[in-house]
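Structure, as structure tokens:
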């Protein structure tokens with residue numbers, strides 16, 4: 001992950017690699033919730049996310065953070081399940097939700 005930080009100490013944008021198999025799901029409009037297992041202290045509502053398809057080695061799209069939610073795995077699936085770009089079998093603990 002790469003971030004562009006401005007002088008006020010918050011990130012204006014983040015570059016996130018995503019597996020090729022998830023890229024279509026995320027940009028087809030089928031799924032609109034992006035999750036990451038880390039907390040990014042510089043990420044705020046309004047930050048830009050740029051997605052890099054690690055399979056095709058290309059930047060494939062961008063989005064803007066609408067909301068950040070920190071919650072346990074079961075809460076995440078209960079609240080956002082059908083909208084998450086991952087499949088249910090993925091273990092989500094301490095996930096960060098970035099609603100695009």
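Rule-based calculations on the coordinates, nothing more; no lab input. Just so we're clear, the structure is a prediction, and the values are computed from it rather than from any experiment. Here the Cβ is made from the backbone with ideal geometry for all residues, glycine too, and neighbour counts use every protein chain on show.
Note on residue 38 and residue 59: the extension gain reaches 5.4 nm, defined as 0.36 nm multiplied by sequence separation minus the Cα-Cα distance. Projecting label points 7 angstrom from Cα along Cα→Cβ for residue 66 and residue 50 puts them 2.4 nm apart.
Pull out the extension gain between residue 83 and residue 25, defined as 0.36 nm times the separation in residues minus the alpha carbon to alpha carbon distance; nm, one decimal.
This chain segment gains 19.9 nm when fully extended.
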